1. Taking segment A:356-369 only, how many residues are open to solvent by 50 Å² or more (accessible area, probe 1.4 Å) and of a type outside the set (A, V, I, L, M, F, W, C)?
2. Can you name every residue in segment B:40-55 that is over 11 Å from B:Phe114 (Cα atoms) and either part of a strand (DSSP E or B) or within 11 Å of the chain's Cα centre (by Cα) (or both)?
3. Quick one: is A:Ala97 closer than 30 Å to B:Tyr390 by Cα and more than 25 Å from the chain's Cα centre (by Cα)?
4. Could you check segment A:337-355 and list, in sequence order, the residues that are crowded, with 16+ Cβ neighbours inside 10 Å and part of a strand (DSSP E or B)?
5. Of the residues in segment A:237-259, how many are touching a residue at least 60 places away in the same chain (Cβ under 8 Å) and farther than 26 Å from A:Asn225 by Cα?
6. Scan segment B:348-370 and give yes if some residue there is under 28 Å from B:Pro276 (Cβ atoms) and within 14 Å of chain A (Cβ to nearest Cβ), otherwise no.
7. All but one of (1) out of contact with any Gly (no Cβ under 9 Å at 6 or more places or on another chain); (2) part of a strand (DSSP E or B); (3) of a type in the set (A, V, I, L, M) hold for A:Ala242; state the number of the condition that does not hold.
8. Within segment B:138-159, restricting attention to residues that are surrounded by 19 or more Cβ atoms within 10 Å (Cβ to Cβ) and touching a Lys or Arg at 6+ places or on another chain (Cβ under 9 Å), which residue is farthest from B:Thr215 (Cα to Cα)?
Amino acid sequence: MQMKQILLIGFLFFFPWLAGAGSYTSLLRQMGMENIREVADPEGVYLCWEDPVYRGPVRGLAEILRTLAVQEDLVQDTHLVILENGLPQILVKVSAADWADYREDRISWADFVNRLLLTYETDDVMRRFSGTKTEHRSAGRVDFVVYPQLQLRNSWLDKIYGASVNIAPAVEMQLWKGASFTGQVIFPIWNNMVGEMDYIRAGLLTLRQEIRLPKRWMASLTVGNFTQQRIGADLQLTWRTANDRWLLGARGGLTGASVVQEGRWQVSRWERLSGAVWGRYFEPHYQLELELTAERYIYGDYGARFDCVRHFGETTVGLFAMVSGGEANGGFSFSVPLPRKKRMQRKAVRIRLPEYWGLTYEAQSGNEYAERRLGRRYQTDPVVSRTNRFYNPDYVRKQLMRL
Amino acid sequence: MNKYLTGAFAFALLLSTSLSFTSCKDEDEVTQTPEQVETKIEAYVSGRVMEMGKPLADVTVAAGEITSTTDSEGNYTLAIGSAGDVTVTAYKDGYVAASSQVTVAESEILSLDFELTQQNESVTLSPDAELVLEEKRDEFTTLFFQPQSVTAATEVSITEYITRAEKDNMGALSVIYCTPDGQQFEQPVKIQVVRNTSSDLYFANMKHYVEENGTWKVESDMTVDPETGDYVGELDHFSSHAFGVEAQWGAKTATTEDGASQEFDNRGKLDAVKVPLTVESKNGWEVDGDLASIIRTALSGVSEADATELASELNRMIRNAKGSESSVSTQQVKLNEISISGDTKATVAVQHKISTSSMTVSVMFKGQPVSISVPVKVYNGVSMKVSYEYGSLTPEHSGGNIG
């Protein structure tokens with residue numbers, strides 16, 4: 001045996017945690033993960049990544065767990081943090097014993113998943129990555145996402161529905177940690193109405209900065225062109241419990257009008273103040289989100305809204321009821337996942353469909369409700385689905401078991 | 001390279017969003033609601049003024065203070081405004097004036113044709129001389145003045161003209177306007193009205209009518225001269241005189257024919273607009289069928305000469321009921337501009353109003369009274385109905401929204 005080999009064995013004997021240091025980064029990189037950081041110390045292995053390849057919050061995690069499970073040299077407690085837009089979303093802890101039990105078929109996948117520690121609390125783990133180099137950064141990589149849009153409105157006597165079908169491709173890219181840019185243009189394909197929908201126009205055109213604060217606080221500031229013909233700035237704050245059963249949120253927006261009239265895009269001063277506070281409870285057995293919101297809507301009316309949304313895997317179905325300005329409204333919504341479950345890895349530019357697509361039906365579309373513009377709220381994100389960026393631990397665990 | 005691209009995107013977005021701060025427009029300026037106006041089509045009277053089948057230009061047609069002058073085609077249009085009863089008079093220097101009382105309605109063009117006759121020159125009636133005065137236009141009526149009819153030399157004239165006597169149930173073979181109006185005669189003036197049919201066929205119960213305050217009333221009976229076969233009677237003063245039989249008009253059957261509709265599309269625009277409206281209107285009347293065939297059917301064995309002559313006489317009776325010669329023409333009626341609300345498409349549907357009724361008169365044929373009914377089809381003008389379609393800014397009811 002040569003001297004070098006003797007020295008290596010001796011080194012690993014005293015510092016076993018260094019055995020696979022740096023090797024899991026390349027593994028994750030081969031799987032297409034981005035923003036990868038890896039740390040190994042006596043307390044275990046720490047990995048964080050961002051998943052741009054697998055649809056939804058869970059598939060990528062399942063693949064990575066299975067891939068890591070077969071790594072013979074992974075014998076330490078492992079702390080896995082999933083990032084979204086460079087910010088930590090959920091911590092998955094796997095004990096060394098669980099790796100061994102699963103690897104040697106002493107426990108099933110369901111048991112393995114059941115033993116995972118899933119928590120929103122990531123502060124301590126993220127400190128471990130301080131000073132660690134990020135591999136395979138997301139920044140500057142562009143997704144060209146093609147959003148289909150459909151609107152049906154039953155508000156005219158000469159037609160059953162005023163309908164419009166659009167294609168709204170958007171350039172989406174991460175800028176720096178927590179910052180993202182969305183630039184969407186709406187191309188009308190077909191409609192049977194006359195108005196703004198006849199023109200190629202700006203869709204969501206936003207610059208967003210998100211910050212993960214200690215104690216599970218999350219803040220985001222979005223500036224740009226939103227839905228509902230608004231342009232302005234939106235500030236949102238949320239806090240959730242470690243198990244994400246409870247979430248409290250508040251938002252405030254200062255917006256102006258952004259409309260296309262007679263072929264011209266016109267904007268106004270940002271003069272309208274809107275805001276909301278809400279509380280959400282996640283019921284784990286039925287995978288139900290129950291959310292109550294008190295809101296000052298865009299045009300100054302005050303109201304309250306109750307949403308009940310059930311997660312059926314990646315599909316959601318929801319009901320809502322609201323009252324605003326003395327008028328009641330209600331409806332239902334659904335969102336479904338779009339193909340593909342696994343997308344190509346990102347190079348410079350990638351063309352894809354959105355991960356989810358949904359529709360909402362609301363009963364009120366005309367009369368006084370439309371005249372007074374009641375109950376209007378804008379969106380700052382082109383993906384309208386509650387499954388998008390949904391890292392609730394109970395939900396993640398249940399979905400992992402199915403995969 | 002990615003860093004520079006990233007920076008460029010961020011700068012561009014910050015610049016564009018900051019530019020919106022510099023917009024000095026109020027939100028109300030940008031998000032205006034479509035201007036609402038009333039689309040109102042007034043009541044109109046239109047038609048032609050003819051003289052012996054040819055258009056008569058420069059005729060003044062008046063309804064109160066509303067006047068119009070016929071063009072080179074003899075066409076005129078009166079914008080009456082609101083619904084109601086009006087008296088329409090057509091007059092021109094040197095012509096016998098004609099008038100008719102009609103009822104107009106909004107969103108309708110009432111068709112009203114006139115036939116004017118140039119007044120014949122007067123001749124001198126001397127106290128000590130007799131005078132035979134034959135009407136020059138149709139040569140149907142002749143007046144015989146005895147000596148001493150007047151106490152001083154008097155300029156007299158008679159002019160055959162067309163009246164509108166349907167409401168008075170008069171089937172007039174001849175209608176004359178005599179001047180000086182109101183002239184009294186010391187001696188009865190003999191009237192002779194030509195009869196061109198054979199002795200087998202004549203009108204029984206010919207009467208002499210006089211117009212009083214716009215209504216034709218029976219003045220006296222006329223007889224058939226056994227020597228000449230013509231209809232004869234007497235008068236003792238000058239006025240408007242008619243010679244004919246009682247004519248019964250049956251109930252009118254109203255029908256419609258679709259005309260060309262017009263669309264004015266102001267959808268997608270906020271401001272109301274005023275648009276010119278030109279509508280095609282049919283004027284006139286015609287016998288609904290072949291008059292000679294109708295006569296041959298009613299009068300079995302009638303000679304061709306008699307059938308032809310009777311057809312001509314029945315035509316005269318109908319023209320003196322309807323106020324114009326038999327002909328149907330099309331007129332492009334230019335209406336006042338109508339207002340269309342913002343974000344609205346207005347369709348003006350035109351329907352030609354047609355009525356059919358029968359004139360029944362009694363003739364003596366081979367010593368037996370026979371009733372002849374002649375169906376007459378009249379184009380009464382058009383009615384217009386405005387329907388609306390709205391653009392995306394103008395919902396009409398609340399039926400729900402999916403999107």
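The values are calculated or read from the model by the stated rules, or taken from the named source; none is laboratory data. Computed from a predicted model, the values in this text were never measured in an experiment. As a convention, Cβ positions derive from the backbone with ideal geometry for all residues, glycine included, and neighbour counts pool all protein chains shown. Calculation scope for accessible area: heavy atoms of the full protein, side chains included, ligands and nucleic acids excluded. Shrake-Rupley method; radii C 1.70, N 1.55, O 1.52, S 1.80 Å.
1. Here the count works out to 4.
2. B:Ala43, B:Tyr44, B:Val45, B:Lys54, listed by residue number.
3. No; evaluated as a whole, the condition is false for this residue.
4. Of everything in segment A:337-355, those that are crowded, with 16+ Cβ neighbours inside 10 Å and part of a strand (DSSP E or B) turn out to be A:Pro337, A:Arg350, A:Arg352.
5. 6
6. yes
7. Tallying (1) out of contact with any Gly (no Cβ under 9 Å at 6 or more places or on another chain); (2) part of a strand (DSSP E or B); (3) of a type in the set (A, V, I, L, M), A:Ala242 fails exactly one: (2).
8. Looking at residues that are surrounded by 19 or more Cβ atoms within 10 Å (Cβ to Cβ) and touching a Lys or Arg at 6+ places or on another chain (Cβ under 9 Å), I get B:Phe145.
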